[in-house]
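To keep things clear, I will list the structure first and then write my remarks on it.
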């Protein structure tokens, strides 16, 4: 065994690797947990308002879900480039990548905000034909529209900060915003103290206010940070080679995430046209699933940072070893996530039975959904690790676009539509079939990983003269 191989496999090296991975994963997982927690709090508080408010917020939230996946693609491209240039030691290039990413995020998010503000009724009618849900969703969309732009800017900024290993800063800012959001939600929904009782409108206002404060904090941090600074001139610059490199990564990555997000939105459309009961059950099941996947997704994010930094520093053999370890971590975190869902299941069902005003059908369907999600997250964890963690860290973004397009739009969406509206299968059979998409693409992801074509250093030496 060579000295390099011995060093990579030594006990000290492994301990150092897992310690470093844990140091990056935990703050990111904490952010994911806080996001899941605020969604849980929203659903909990809205469930006391009415089932219509609960279902309408779930359907209206699909607009933000689509945008967040599009912005996640932009964030992924910026994170890949930032991590590799950070590994190379080129801080100026990282600042330019940040400026480019913020500009693209702004251009992408503004149309979503305008659409939600101007045509909320049209958007709601895409997801449901229930008049009460449409009316309630319109109120929500108009009030939350500004947060789409603000949230996109904050998401991109914090993503780049994580890529340069400022994960604690990112976690503190984001988690503080989430806590504020929960507090404002409670105040606006229930009319606590001087706040008016606004119901679902209060959820939207709380989100918008929180996002505005979060962006303000990011701007102040970007102006004062000694590691990476936020410079407006890089947002206004025309581009150059870095812009071309960014777009080569961002377009397929954003396409991948929007394809994935749109497919999940179509799942919601399918469920929304079956009944309001399954929509309500799915909104709760999704939150519990998110709680189970916080560490899975945090580990995938850590993989993209650590592998990207290694490849940017031309430590390609180390990247291969690290990738194998991250795959094992994806399996372990998925198993733990499944246990979390199973442990939460009786608590959630008891709570729904005692405190929440929903139909017995909702409770019955939620019970089955939680069992399905307990194993579904194994597919989510591994595929997220492959596509968003390992492959993207080396700039291999086109594969994920093709893979998700085939699996979700070639299988899950058409099969789900046929089962729901042609064969008219029972609602839970439709849900079960939709949840097979992750397992359809898993064997192909394993094959693509073993080809090792994703291992690449995508940095350049001539970025100093741009911008």
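Read-outs throughout are calculated quantities, based only on the coordinates presented, and are distinct from any laboratory measurement. Keep in mind that this is a model prediction, so the values were computed, not measured. Cβ atoms come from the backbone with ideal geometry, glycine included; neighbour counts cover every protein chain shown.
Quick look at the values:
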item: Kirkwood hydrodynamic radius of the chain, from inverse mean 1/r over distinct Cα pairs, in Å; result: 22.7
item: Alpha-carbon centroids, region 169-210 and region 56-125: separation in whole Å; result: 22
item: Distance between modelled label sites at residue 460 and residue 10, nm, 7 Å Cα→Cβ extension; result: 3.9
item: Relative contact order (percent, whole number), region 72-169, Cα cutoff 8 Å, 6+ residue spacing; result: 42
item: Protection proxy ranking of 256-266, 414-424, 11-21, 68-78 - average other beta-carbon atoms within 10 Å, highest first; result: 68-78, 256-266, 414-424, 11-21
item: Sorted by Cβ neighbour density within 10 Å, fewest at the top, the residues 408, 385; result: 408, 385
item: Extension gain, residue 320 back to residue 241 (0.36 nm per residue minus Cα-Cα distance, nm); result: 25.6 nm
item: Peptides 446-452, 226-232 ordered by average Cβ neighbours within 10 Å, highest first; result: 226-232, 446-452
item: Percent breakdown of C-alpha pair distances by 5 Å bin, ordered from the shortest bin, for region 255-369; result: 2, 10, 15, 15, 15, 14, 10, 7, 5, 4, 2, 0
item: Relative exposure of 160, 348, judged by other C-beta atoms within 10 Å (fewest first); result: 348, 160
item: Relative contact order, percent, the chain [alpha-carbon distance under 8 Å, six or more residues apart]; result: 23
item: Crossing angle, helix 11-47 versus the chain [Cα axis fit, 0-90 degrees, rounded to tens]; result: 20
item: Residues 392, 325, 224, sorted so that the one with the fewest Cβ neighbours within 10 Å comes first; result: 224, 325, 392
item: Theoretical gain in end-to-end length, residue 107 to residue 349 [0.36 nm per residue, Cα-Cα removed]; result: 82.8 nm
